[in-house]
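Following: one structure in structure tokens, then a few remarks.
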Amino acid sequence: MAALNYITGNEKKLKVIKSNSITFDNDKKRMPEHQLMPDKWVDLYADYLFNYAIGRISDAEVAKDLVQETFMAGLKSAKNYKGDAAERTWLIAILKRKVIDHYRKTNSKKGKAEVRMNYSSQTDAEGDWLEEQVADPFSSFENSDIENEELGLAIQSCIAKLPKKQALVFTMKTIQGVSTEDICNELDINPSNLWVMIHRARTALMDCLNQNWF
Amino acid sequence: MISCDKAAIICNKAQYREATFTEKLKLRFHLFMCKTCSKATKENTQLTTLCQKADLHSLTEQEKLKMKQILDKMN
């Protein structure tokens, strides 16, 4: 039982760490602070924010306007940025408010905001059975919708990490579906050049998604 | 017999349905022989399905340029 002998006074040897001790202050100073670079916002985050917005507002025009407003609001309140969130997180937070404001504005007329249940209009149906209104336990589209939105954002943030030209070619080809010929004309490159860029972009994207998604 | 580099390019073209019939035939033959390329092709196809599933949207360069101009005016 000798091992259990408690030696009094040993605990005094431990270093006392107060929450405001000097070591902690130094830690904070050494932490890399996030900085805002508004010049790069459009290139880096426009598509990401646009995807986020379009998941909540299906109207592309409105979504685009909200992204624009987000950048403007961000620029206006840049001096209030404390640097404890990453740039993109901070912008998303602004966009979230903008989306909520948008719905508030469209619902501002009294009564519009209330949820109307659309009961089955067929009054001559055999009966209003609760079973008919119960959620289908085998339905999977709600979950997969959420998952697909997250996947979209993951892909967008991976695209943002690509070199500018590769990202441009990949988005034009894959997302906007522009034909090879048109891209070559617009960017003044030849087709084999384009395919090499597509190849590099796809390889890098797959690596990035393997790290962040799977 | 085509090289792996060439197979990769054809595979990418096939992702956008732009590979010709002979190219596809050459690719099939190559994949039959080359384990590495068939794995890469599988991954590449997976990326295409993911991109379709995610229903991606993006702004065109002109729209982005317009945004930049508006932001520049504010500065």
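The values are calculated or read from the model by the stated rules, or taken from the named source; none is laboratory data. Keep in mind it's a predicted model, so treat the numbers as computed, not measured. Reconstructed Cβ throughout: ideal geometry from the backbone, glycine too, with neighbour counts over all protein chains shown.
Scan segment B:26-59 residue by residue and report those that are loosely packed, with under 13 Cβ neighbours inside 10 Å and either under 18 Å from A:Ser157 (Cα atoms) or hydrophobic (A, V, I, L, M, F, W, C) (or both). Answer for segment B:26-59, where residues must be loosely packed, with under 13 Cβ neighbours inside 10 Å and either under 18 Å from A:Ser157 (Cα atoms) or hydrophobic (A, V, I, L, M, F, W, C) (or both): B:Phe32, B:Met33, B:Thr49, B:Gln52. Restricted to segment A:78-102, and to residues there that are modelled with pLDDT under 85 and either assigned to a loop (DSSP other than H, G, I, E, B) or hydroxyl-bearing (Ser, Thr, Tyr) (or both), the residue that is nearest to B:Met74 (Cα to Cα) is A:Tyr81. Looking only at segment A:161-191, count every residue that is more than 9 Å from every other protein chain (Cβ to nearest Cβ), within 24 Å of the chain's Cα centre (by Cα), outside any loop (DSSP other than H, G, I, E, B) and not hydrophobic (A, V, I, L, M, F, W, C) and tell me the total. Residues that pass the stated criteria total 4.
If you go through segment B:9-61 and keep only what is more than 9 Å from chain A (Cβ to nearest Cβ) and acidic (Asp, Glu), you end up with just B:Glu23.
Among the residues of segment A:192-199, are any surrounded by 15 or more Cβ atoms within 10 Å (Cβ to Cβ), modelled with pLDDT of 90 or more, under 16 Å from B:Gln52 (Cα atoms) and facing another protein chain (nearest Cβ under 9 Å)? No, segment A:192-199 has no match at all.
Restricting attention to segment A:29-71, the residues that are surrounded by fewer than 16 Cβ atoms within 10 Å (Cβ to Cβ) and free of Cβ contacts under 8 Å to residues at least 12 places away in the same chain total 11. Here B:Glu18 passes the criteria (1) among the acidic types (Asp, Glu); (2) surrounded by 14 or more Cβ atoms within 10 Å (Cβ to Cβ); (3) part of a helix (DSSP H, G or I) except the one numbered (3).
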